[in-house]
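Reviewing the structure listed below.
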Amino acid sequence: MDALLRELREGPDGIAEYYDTEITAKELTLGSAADRNIQLLGRGIAAQHAVIRQVGSQLMLECKRGELVRLNGRKRAVAKLKVGDLIELAGHKLRIAQPPPGFSVAIELQTNDLVDASAFESAFRTDLAQTWLGKRTMAWTGIVLVMLFGLALPMIVMKVHRAGTDTAAWIPGDKFWNTGPLHQVHQQAIGDRCDTCHQKLFQRVQDAACQECHSTTHDHIIPARLALTELGPTPRCATCHREHNEPQTFLVNRSDSACVDCHGDPEDGFGQIQLDRVLGFGLERHPEFKPHLLTSTTVPAGSGFSYEWKTLVAELDRAAEQSNLKFSHQQHLDPDRVLRRGDSRPMNCGDCHRLESDGEHFTPIKMEDQCAQCHELTFDPTAPDRQLPHGKPREVVLTLQDYFTRKFSDPNAGRLAPRDRRRLPGREQEEETCVGEPFDCAMRSARKEIESQFTRRGCVGCHGVIDTKVANVFDRFQVIPIRFARDYFPANRFDHRSHRIQGKLTGDDACLSCHAARKSEDSSDLMIPGIAKCTECHGDRAAAERVTVQCVSCHEYHPRELDRETEREPGGELAGS
C-alpha cells in the first residue's frame, strides 16, 4: 500500500509545521527498532510493537504478542481503524486522516518531545528480555552444552585413545578443542600426542613434563642460592614459554623487561645475594664487566708442593691474569724480533688462537700444536732430533740421564751430524771430555743439563720453576702449572665469529681493535675490553650505525651447566678462551 506520513511539529515561532514522508510497503510497522516504517522511542515501546495493514478497504491494527496501544483512550491489541481514530503510544499520537488522491492511507504523527535521551537505547536489543529467550533457559542450556562438549566428550575421547582402540568417525579428535597450533619444534617432536605434555586431567602442564625432553635445561638460580633470597619458588616453565595461540617467536621470551623487572632493583627480594643494578645495555645502564680469573696457591705436599686452583672475581680495571705463564704478546707480534719458521713472515693472532666450532671459545693452546711451530725442546746441538718431553718434569730428568748415559757409553753416539747447528743459549759448544767412569760422566753432564733447563734456559723460559734444593734430582725441581679460565664471563655468551669483521677492519686489525696485544709485554695483562668499547657499536636502543642488542644477546636465562665458574684443562696445558 501507499501511505502518507505527515509529522506535525511546532516551529520556533510557535506556528505548526509538518513534514511529509511517502511510504510504500505491504504493511506499516511501528516500534523502536531502526528498521520500522514508523520508529517511535520511549518507555514501553517494543522493538516490534505493532503493524497497520490494509485488508481490502479496511485498515487493521495488530499489536505483537504481549504489546498494547491506546485507541481512542482504550487499550487495544487488535482493532479496525477508520478516519479520525487516535492511536497513543508512550506519549506519541498517531491520527488516521483522510488520504489525499494517490494514497490509500494517511497518518498524522505528533511525537512526544518529552522522551528522555535514554529511550534511544530501546532502539537496539541490549537486554535478554528484549528477545524470546529467557535467562533461566539460556543458563541451563549453556551448562548442559559445556558439560557435554567440555567434559563428557573429551573424557570419552581420552579413554578411547588411551585404550588404543579405533576411534569412531563421529568422535572428534584432539584438534576439535585445540586452542591453537604448537611451535614447529614441538609439533615435530610430539605430533598430536597431547598427553605428552598434558599428562593428568584437570591439571596444568607441569615442569616435570617439560624436563623429560629438556633434561639439560637448568633453573635460572640453583636451589641453594634461591634459598638465600626472598624471591619465592621458581616460576613454572609455562609462565614464560607459552604454547598454543601465541606467535611462534614468543615461545622464547626475548624482552629485556623479563630481566630488568628483577635486576633493575636488586635490593628488592634478593636477600643475601648482592647484585649490580641493570637497566639495559649502556654506560649508565649496565655495570662494568667483572672477569672470573683462575688463581693458584701452593700447598706443601711431601718433599714438594701441590697446587690448588680457585676462581677469583675481579674488577676489570684491576684484574690481572695469574696463569703462571711467562709470555709477551708484544714480542711475538713484532716482525723485527719474531718471524714464523718456514716462511719468515710475521706472526698473526690466528697462528695460535684458533676458533672452536661454537664460534665462542678458542681451542686450548698446547705446546705441541702452537708453540712447537717455532720453539724446539732440543738440548744438545750434536743431536738436533732429540727433544725433551713437555709437561712432565720427571721424564725430562730420565730423558737427559738416558741420553748422556748412551752418549758417554758409545763414542759414536754424540758425533755431530754434517749440518749446521744452532747455538743453544747458556750451553758451551765444545764436548765435555770424560774423566773417570763413563756412567759418572753421564750423570754429571745430565745433572748439569737438568739444572740448566730448570734454572737458566729451557723450561724456565716460559714456566715458573720451584727449586726445592732436595738431594734427589727427581724431586728437586717442580714446574708451576699454567692454566687459564675457559670462560672469563661464565654467565655470558660472546660470539667471536661474528666479530671477526669490525667495520672495515678484518684479520689481526679486527682482533687488535679490541685486544691491546701489541702493547702487552707480560702475560698478566688481561686484555679484555670494558663496556665502553662494546657501546661503540652496540646499544639497547636503535641508533644509526649501532647494532641493537638485548639481554639475551649476551646472557642466558638458563645456565648451560649448574656450575660453570671454572672449566679447567688437565695437566699444565694452556686452557685459553
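Quick notes on this one:
- Counted residues, segment 302-352 - those being acidic (Asp, Glu) and either closer than 21 Å to residue 462 by Cβ or over 39 Å from the mean Cα position of the chain (by Cα) (or both): 5
- Any chance residue 62 is open to solvent by 10 Å² or more (accessible area, probe 1.4 Å) and part of a strand (DSSP E or B): yes
- Residue list for segment 439-484, restricted to those being surrounded by fewer than 16 Cβ atoms within 10 Å (Cβ to Cβ), touching a residue at least 12 places away in the same chain (Cβ under 8 Å) and either farther than 25 Å from residue 309 by Cα or among the hydroxyl-bearing types (Ser, Thr, Tyr) (or both): 439, 455, 456, 457, 468, 470, 472
- Residue tally, condition loosely packed, with under 13 Cβ neighbours inside 10 Å and in contact (Cβ under 8 Å) with a residue 40 or more places away in the chain, over segment 256-270: 1
- In segment 364-376, the residues that are open to solvent by 50 Å² or more (accessible area, probe 1.4 Å) and part of a loop (DSSP other than H, G, I, E, B): 366, 368, 369, 375, 376
- Some residue of segment 267-276 being under 21 Å from the mean Cα position of the chain (by Cα) and closer than 25 Å to residue 486 by Cβ: yes
- Top-ranked residue of segment 390-415 - restricted to ones that are assigned to a loop (DSSP other than H, G, I, E, B) and surrounded by 13 or more Cβ atoms within 10 Å (Cβ to Cβ), ranked as modelled with the highest pLDDT: 390
Yes/no per residue for (1) of a type outside the set (Gly, Ala, Ser); (2) touching a Phe, Trp or Tyr at 6+ places or on another chain (Cβ under 9 Å); (3) under 26 Å from residue 491 (Cα atoms):
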| position | (1), (2), (3) |
| --- | --- |
| 287 | yes, no, yes |
| 322 | yes, no, yes |
| 348 | yes, no, no |
| 355 | yes, yes, yes |
| 375 | yes, no, no |
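- Selection of segment 1-43 for residues being assigned to a strand (DSSP E or B), exposed (fewer than 10 other Cβ atoms within 10 Å of the Cβ) and modelled with pLDDT of 90 or more yields only 24.
- Residue in segment 164-200 that is surrounded by the fewest Cβ atoms within 10 Å (Cβ to Cβ), counting only those that are modelled with pLDDT under 75 and in a helix (DSSP H, G or I): 175
- Applying the condition of being of a type in the set (Lys, Arg) and touching a Ser or Thr at 6+ places or on another chain (Cβ under 9 Å) to segment 451-506 and asking which residue is farthest from residue 393 (Cα to Cα) yields 500.
- For segment 226-242, the condition holds for at least one residue, the condition being that it is open to solvent by 80 Å² or more (accessible area, probe 1.4 Å), without any contact (Cβ under 8 Å) to a residue 60 or more places away in the chain and within 26 Å of residue 150 (Cα to Cα).
- Taken over segment 497-534, the criterion of being of a type in the set (S, T, N, Q) and either within 18 Å of residue 348 (Cα to Cα) or touching a Gly at 6+ places or on another chain (Cβ under 6 Å) (or both) is satisfied by 502, 506, 513, 520, 523.
- Taken over segment 510-533, the residue count meeting the criterion of being in a helix (DSSP H, G or I), open to solvent by less than 60 Å² (accessible area, probe 1.4 Å) and without any contact (Cβ under 8 Å) to a residue 24 or more places away in the chain is 1.
- Scanning segment 250-282 for residues that are in a helix (DSSP H, G or I) and among the β-branched types (Val, Ile, Thr) yields a single hit, 260.
- Filtering segment 326-352 to residues that are among the basic types (Lys, Arg) and free of Cβ contacts under 8 Å to residues at least 24 places away in the same chain leaves 337, 345.
- Considered as a group, the residues in segment 201-210 that are assigned to a helix (DSSP H, G or I) and either hydrophobic (A, V, I, L, M, F, W, C) or modelled with pLDDT under 90 (or both) include one that is least open to solvent (accessible area, probe 1.4 Å), and that residue is 209.
- Only one of the numbered conditions (1) closer than 22 Å to residue 132 by Cα; (2) touching a Ser or Thr at 6+ places or on another chain (Cβ under 7 Å); (3) open to solvent by less than 80 Å² (accessible area, probe 1.4 Å) is not met by residue 92, and that is (1).
- Boolean, residue 286 is in a loop (DSSP other than H, G, I, E, B) and crowded, with 16+ Cβ neighbours inside 10 Å: yes
- Residue pairs whose Cβ atoms lie under 6 Å apart, separated by 6 or more positions or on different chains, with the first residue in segment 381-408 and closer than 15 Å to residue 450 by Cα and the second of a type in the set (D, E, K, R) and open to solvent by less than 40 Å² (accessible area, probe 1.4 Å), are 400/449.
- When residue 457 is tested against the conditions (1) over 28 Å from the mean Cα position of the chain (by Cα); (2) over 26 Å from residue 322 (Cβ atoms); (3) among the basic types (Lys, Arg), the lone failure is (2).
- Taken across segment 194-209, residues that are free of Cβ contacts under 8 Å to residues at least 60 places away in the same chain and acidic (Asp, Glu) do occur, with at least one present.
- Flag for residue 213 being open to solvent by 80 Å² or more (accessible area, probe 1.4 Å) and either farther than 21 Å from residue 254 by Cβ or at pLDDT 90 or above (or both): yes
The values are calculated or read from the model by the stated rules, or taken from the named source; none is laboratory data. Small disclaimer: the values here were computed from a predicted structure and weren't measured. Quick reminder, even Gly has a Cβ in these numbers, built from the backbone with ideal geometry, and neighbours come from all protein chains shown. What goes into the accessible areas is simple: the full protein's heavy atoms, side chains included, and nothing from ligands, DNA or RNA. Shrake-Rupley method; radii C 1.70, N 1.55, O 1.52, S 1.80 Å.
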